[in-house]
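What follows is a set of notes on a single structure, which appears directly below.
The values are calculated or read from the model by the stated rules, or taken from the named source; none is laboratory data. Values in this document were obtained by computation on a predicted structure and should not be read as measured data. Cβ: placed from backbone, ideal geometry, glycine included. Neighbour counts: every protein chain shown. To get the accessible areas, we keep the full protein, side chains included, count just its heavy atoms, and leave off ligands, DNA and RNA. Shrake-Rupley method; radii C 1.70, N 1.55, O 1.52, S 1.80 Å.
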Amino acid sequence: MIKKLFIHNFRNIQEITIEPSQFINLISGNNGEGKSSILYAIEYLLTDNLNEKISEYVRWGCEKFYLEMEFIVGADNYYIKVVGDKSAKKELIMNNDQDNIYKNSEATKKLAEIIDPNIIRYSSISEQGKTAQILFDTPANRLKKLKEILGIDKLADLSEEIKKEIQDKEQIIKELNNEVKFL
């Protein structure tokens, strides 16, 4: 759950602070008022996913953007901030503990352990029309996206590993039974 979101000079947003409801949140407004920018900011904070170069997200006429978000997952509180210009500097702090600070790629890696980036990419945190897009995609692409979201390919790999492990254990049992017969 997002507790607080701060956006400064990101895309067309000069500055905004949002404290969402713990229930349903609806973002509405006219074209060009920043609705998609808010969603891009959340997605970027949680996944590092951008469709263009970082510098393209800096508000026109500004040198850099600044994003920060406080959120809760389970019993843990997180604070993340990103400063972006030609590159980005990311910092993730867990439970206000100075020993639990992750920077840049380590922050992104830790976030991927906390929140599946595929869920973020294909969830209701998406640009207008993108959520329903999966419904109108070709069956092959829809299946590919659903497999990615649900991690089905990982389950197949895990299943194969378990089968191999069972075969190895059965071989050990067979060898032990032969030893018992010999004794």
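Count, please, the residues in the range 57-77 that happen to be closer than 22 Å to Phe23 by Cβ and in a loop (DSSP other than H, G, I, E, B). Walk me through how you get there before you give the answer.
The initial filter retains those residues of the range 57-77 that are closer than 22 Å to Phe23 by Cβ, namely 69-77.
Then keep just the ones that are in a loop (DSSP other than H, G, I, E, B); that gives 74-75.
Residues that pass the stated criteria total 2.
Can you find a residue that is more than 24 Å from Lys103 (Cα to Cα) and either of a type in the set (D, E, K, R) or open to solvent by 40 Å² or more (accessible area, probe 1.4 Å) (or both) anywhere in the range 34-52?
Here is the first cut: in the range 34-52, the ones more than 24 Å from Lys103 (Cα to Cα) are 34-36.
Those left that are additionally either of a type in the set (D, E, K, R) or open to solvent by 40 Å² or more (accessible area, probe 1.4 Å) (or both): 35.
Checked against the condition, which is being more than 24 Å from Lys103 (Cα to Cα) and either of a type in the set (D, E, K, R) or open to solvent by 40 Å² or more (accessible area, probe 1.4 Å) (or both), the range 34-52 yields at least one hit.
Quick grid of which residues meet (1) of a type in the set (A, V, I, L, M); (2) on the phi < 0 side of the Ramachandran plot; (3) modelled with pLDDT of 85 or more; (4) open to solvent by 50 Å² or more (accessible area, probe 1.4 Å):
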site	(1), (2), (3), (4)
Lys89	no, yes, yes, yes
Asp99	no, yes, no, yes
Glu106	no, yes, yes, yes
Leu111	yes, yes, yes, no
Ser126	no, yes, no, no
Lys147	no, yes, no, yes
Asp153	no, yes, no, yes
Glu179	no, yes, yes, yes
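Just to check your reading of the model, which residue among Ile93, Ile80 is of a type outside the set (D, E, K, R), more than 19 Å from Ile38 (Cα to Cα) and in a strand (DSSP E or B)?
Working: Ile80 fails: more than 19 Å from Ile38 (Cα to Cα).
Answer to the check: Ile93.
Only one of Ser87, Ser105 is among the hydroxyl-bearing types (Ser, Thr, Tyr), within 28 Å of Lys145 (Cα to Cα), free of Cβ contacts under 8 Å to residues at least 60 places away in the same chain and out of contact with any Phe, Trp or Tyr (no Cβ under 8 Å at 6 or more places or on another chain). Can you tell me which? Even if it seems obvious, please write down each step before you answer.
Working: Ser87 fails: within 28 Å of Lys145 (Cα to Cα).
From the options Ser87, Ser105, the qualifying one is Ser105.
Every residue in the range 16-41 that is in contact (Cβ under 8 Å) with a residue 60 or more places away in the chain and under 14 Å from Ile2 (Cβ atoms), please.
Pass one, the range 16-41, residues in contact (Cβ under 8 Å) with a residue 60 or more places away in the chain: 35-36, 39-40.
The one that is in contact (Cβ under 8 Å) with a residue 60 or more places away in the chain and under 14 Å from Ile2 (Cβ atoms): Leu39.
Would you point out which residue out of Arg59, Arg121 is of a type in the set (Lys, Arg), modelled with pLDDT under 85 and crowded, with 16+ Cβ neighbours inside 10 Å? Lay out the reasoning, then the answer.
Working: Arg59 fails: modelled with pLDDT under 85.
Only one candidate passes the filter, namely Arg121.
Give me the residue from the range 15-25 that is among the polar types (S, T, N, Q) and under 20 Å from the mean Cα position of the chain (by Cα) and, out of that set, most open to solvent (accessible area, probe 1.4 Å).
Of the range 15-25, the ones among the polar types (S, T, N, Q) are 17, 21-22, 25.
Within this subset, residues satisfying the condition of being under 20 Å from the mean Cα position of the chain (by Cα) are 22, 25.
Details: Gln22: 124, Asn25: 85 Å².
Here the answer is Gln22.
Go through (1) part of a loop (DSSP other than H, G, I, E, B); (2) touching a Lys or Arg at 6+ places or on another chain (Cβ under 9 Å); (3) open to solvent by less than 80 Å² (accessible area, probe 1.4 Å) one by one and return the number of the condition Ser28 breaks.
Just one mismatch for Ser28, condition (3).
Restricting to the range 1-12, name every residue that is closer than 18 Å to Lys86 by Cα and either of a type in the set (A, V, I, L, M) or open to solvent by less than 40 Å² (accessible area, probe 1.4 Å) (or both). If you could, list the steps in order and put the result at the bottom.
Step one: of the range 1-12, the residues closer than 18 Å to Lys86 by Cα are 7-12.
If the condition is that a residue be closer than 18 Å to Lys86 by Cα and either of a type in the set (A, V, I, L, M) or open to solvent by less than 40 Å² (accessible area, probe 1.4 Å) (or both), then Ile7, Asn9, Phe10 are the ones that fit.
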